[in-house]
Amino acid sequence: MLRALIALMLTLSFLSTASAQEKAVPDRSATGGAQTLEDIMARQRGDDVDNSFRSDATGNPDSAADTANQLGTLGGASDPELWRALRFGSADITASNNGPAATTLVQDGGMKWLKFREGPLAKYGGDLLMGTFILLTAFYFIRGRITIDGAKTGRTITRFKAIERFGHWLLAGSFIFLGITGLISLFGRKVLIPAFGHEAFAFLAVGSKWIHNNISWAFMLALAMIFVMWVIHNLPHKSDINWLLKGGGIFSKGHPPAKKFNGGQKLIFWSVILLGTSISVTGLALLFPFEINMFAATFAKLNAFGISGALGLGELRETLAPHEEMQYAQLWHAIVSFVLMAIILAHIYIGTVGMEGAYDAMGSGEVEEQWAREHHSIWVDEVMADTQSGSTKTTPAE
Ligand code: HEM
């Protein structure tokens, strides 16, 4: 999953020009080395243009005229050369304010970022959520609800303590708010302004942003809580392989044995932890602009370990303007959130309408013993062994 995500992200590295050596160098002798009509047309077609002929042409201090002469000097750089240096980030700039991005006067990733955010990100993200919803609905009609096969015993077993349920619902509640407010931010202009008008949307957008920024802390806290409480139960175990190979018994008769969490739940747990952490870190980078830069360093590592090459992406750019770091943070934040939202839709399905008896585990914390035997037989045996030794209790249901 992580590898697939990295691949996805890197295919989006729209700001990274593919390596110069792959491109034929056009003949620029007619323009004395300056750009040609062909260069301009290629850029307009959206082709990857090797800009080194411009980015490196930023003047030469050694050719500056003597300052003592009349109408002396531009420091060896003409106006176009100076603008090029500004645009490609190599100008020597002094700014009166000290903000982290103060000396970046021109960066040109913004338009591509905006187009990507409004285009493929919104389209494929929306499709993923709709597709997941349709698949789950189809699954419900084909497979139906997973019911408790055997006769109910009338006894219950404690599955989750109050603190575990609190951590889960803090995570779930905050995630749902974050998901909805995040989607309002992404789709609002296109969907909500035409429906409700600018004024109503302005109110909604400001509110969404405020909720999104502040609820993020609850999500991070809950993520840490469930990690600490459940990591021990989510370490791989040999029963997981059998469980996964049998698809959890969803399409067959019988239930593969499982510990407290089965193979499928462990996948959910680790997705939540890894993707949730990735969303949190990029979210913090967005909350504190220009303070947390990680993409240039990540790209450098991917280049160094040959991962970008193996994925066919060529050399990734290792120097990014501060704004480009923010653009990548925003895209990664949104892409990983879409993936986690799709996973969580499936999780919510199975925890509610998809499986009889599952919701009780997070509702009251008590599950029917027969449900537990069918879905977590090894765990029930462990609980029973503890009960006999006096440390846990099963309770008759009312
Ligand atoms: C309305 C929303 C939700 C419902 C009804 C729900 C329901 C449940 C239930 C019933 C369980 C216990 C399963 C068992 O007894 O084995 C569970 C576990 C869990 N939930 Fe949720 N949940 C919801 C939302 C979320 C969200 C938003 C997240 C994370 C962002 C999340 C993360 C987890 C994790 C990591 C587990 C443990 C692993 C697993 O059982 O899959 N849940 N949830």
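The values are calculated or read from the model by the stated rules, or taken from the named source; none is laboratory data. Not measured: the values here are computed from a predicted model. Cβ placement follows ideal geometry from the backbone for every residue including glycine, while neighbour counts extend to all protein chains displayed.
Of all residues in region 253-301, which are within 14 Å of the ligand (Cβ to nearest atom), aliphatic (A, V, I, L, M) and assigned to a loop (DSSP other than H, G, I, E, B)? Please lay out each step first, then the result.
The first filter runs over region 253-301 and keeps only residues within 14 Å of the ligand (Cβ to nearest atom), leaving 255, 258-280, 283.
Retained after the next criterion (residues that are aliphatic (A, V, I, L, M)): 258, 267-268, 272-275, 279.
Selection gives ALA258 alone.
Just wondering, is there one or more residues in region 336-359 that are in a loop (DSSP other than H, G, I, E, B), free of Cβ contacts under 8 Å to residues at least 24 places away in the same chain and either within 11 Å of the ligand (Cβ to nearest atom) or β-branched (Val, Ile, Thr) (or both)?
Kept after step one, since they are in a loop (DSSP other than H, G, I, E, B), are these residues of region 336-359: 352-354, 356-358.
Narrowing further to those that are free of Cβ contacts under 8 Å to residues at least 24 places away in the same chain: 352, 358.
After this cut, where a residue has to be either within 11 Å of the ligand (Cβ to nearest atom) or β-branched (Val, Ile, Thr) (or both) as well, the list is 352, 358.
The answer is yes; a qualifying residue exists.
Can you tell me how many residues in region 277-292 are hydroxyl-bearing (Ser, Thr, Tyr) and surrounded by fewer than 15 Cβ atoms within 10 Å (Cβ to Cβ)?
Qualifying residue count, region 277-292: 0.
Residues are listed down the side, and each one gets a yes or a no for (1) of a type outside the set (A, V, I, L, M, F, W, C); (2) at negative phi; (3) surrounded by fewer than 17 Cβ atoms within 10 Å (Cβ to Cβ):
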{"site": "MET294", "(1), (2), (3)": "no, yes, yes"}
{"site": "GLY306", "(1), (2), (3)": "yes, no, yes"}
{"site": "LEU316", "(1), (2), (3)": "no, yes, no"}
{"site": "TYR349", "(1), (2), (3)": "yes, yes, no"}
{"site": "ALA372", "(1), (2), (3)": "no, yes, no"}
{"site": "ILE378", "(1), (2), (3)": "no, yes, yes"}
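One residue is enough: does region 160-173 have a residue meeting the conditions outside any helix (DSSP H, G or I), away from the ligand (no atom under 16 Å from the Cβ), in contact (Cβ under 8 Å) with a residue 40 or more places away in the chain and over 16 Å from the mean Cα position of the chain (by Cα)? Spell out the reasoning first.
Filtering region 160-173 down to residues outside any helix (DSSP H, G or I) leaves 160-161.
Still in the running and away from the ligand (no atom under 16 Å from the Cβ): none.
Among the residues of region 160-173, not one is outside any helix (DSSP H, G or I), away from the ligand (no atom under 16 Å from the Cβ), in contact (Cβ under 8 Å) with a residue 40 or more places away in the chain and over 16 Å from the mean Cα position of the chain (by Cα), which makes the answer no.
Give GLY131, GLY125 a once-over and let me know the one that is surrounded by 14 or more Cβ atoms within 10 Å (Cβ to Cβ), at pLDDT 95 or above and in the same structural domain as GLY249 (by TED's automatic domain parsing).
GLY125
Would region 375-383 turn up any residue that is closer than 29 Å to THR137 by Cβ and either aromatic (Phe, Trp, Tyr) or not in a loop (DSSP other than H, G, I, E, B) (or both)?
Step one: of region 375-383, the residues closer than 29 Å to THR137 by Cβ are 375-376.
From the residues that got through so far, the ones that are either aromatic (Phe, Trp, Tyr) or not in a loop (DSSP other than H, G, I, E, B) (or both) too are 375.
Yes, region 375-383 contains a residue that is closer than 29 Å to THR137 by Cβ and either aromatic (Phe, Trp, Tyr) or not in a loop (DSSP other than H, G, I, E, B) (or both).
Scan region 276-303 for residues that are β-branched (Val, Ile, Thr) and touching a helix residue (DSSP H, G or I) at 6+ places or on another chain (Cβ under 6 Å) and jot them down. Before you say what the answer is, go through the steps one by one.
Initially, region 276-303 is screened for residues β-branched (Val, Ile, Thr), giving 277, 279, 281-282, 292, 298.
Passing the criteria: ILE279, THR282, ILE292.
What are the residue pairs meeting all of these: first residue in region 98-110, first residue among the hydroxyl-bearing types (Ser, Thr, Tyr), second residue loosely packed, with under 13 Cβ neighbours inside 10 Å, Cβ atoms under 8 Å, and 6 or more apart or on different chains?
THR103/ILE93; THR103/THR94; THR103/ALA95
Could you check ARG189 against (1) closer than 29 Å to THR282 by Cα; (2) at pLDDT below 95; (3) loosely packed, with under 12 Cβ neighbours inside 10 Å and say which number it fails?
(3)
Six or more apart or on different chains, Cβ atoms under 8 Å: show the pairs whose first residue is in region 20-45 and modelled with pLDDT of 80 or more and whose second is part of a loop (DSSP other than H, G, I, E, B) and loosely packed, with under 10 Cβ neighbours inside 10 Å.
Within 8 Å, the pairs are THR36/ASP27.
Considering only residues that are surrounded by 11 or more Cβ atoms within 10 Å (Cβ to Cβ) and farther than 29 Å from GLU366 by Cα, which ones fall in region 134-177?
Correct list: LEU135 only.
Do we find a residue being at pLDDT 95 or above, within 16 Å of the ligand (Cβ to nearest atom) and either of a type in the set (Gly, Ala, Ser) or under 24 Å from GLY144 (Cα atoms) (or both) anywhere in region 314-333?
no
Please pick out the residue among ALA95, ALA64, ALA68 that is on the phi < 0 side of the Ramachandran plot, out of contact with any strand residue (DSSP E or B) (no Cβ under 9 Å at 6 or more places or on another chain), surrounded by 14 or more Cβ atoms within 10 Å (Cβ to Cβ) and not β-branched (Val, Ile, Thr). Explain how you work it out, then say what you get.
On the way: ALA95 fails: surrounded by 14 or more Cβ atoms within 10 Å (Cβ to Cβ); ALA68 fails: surrounded by 14 or more Cβ atoms within 10 Å (Cβ to Cβ).
Exactly one of ALA95, ALA64, ALA68 is on the phi < 0 side of the Ramachandran plot, out of contact with any strand residue (DSSP E or B) (no Cβ under 9 Å at 6 or more places or on another chain), surrounded by 14 or more Cβ atoms within 10 Å (Cβ to Cβ) and not β-branched (Val, Ile, Thr), namely ALA64.
For region 224-236, indicate whether the set of residues that are at pLDDT 95 or above, out of contact with any helix residue (DSSP H, G or I) (no Cβ under 9 Å at 6 or more places or on another chain) and more than 13 Å from the ligand (Cβ to nearest atom) is non-empty.
For region 224-236, residues at pLDDT 95 or above, out of contact with any helix residue (DSSP H, G or I) (no Cβ under 9 Å at 6 or more places or on another chain) and more than 13 Å from the ligand (Cβ to nearest atom): absent.
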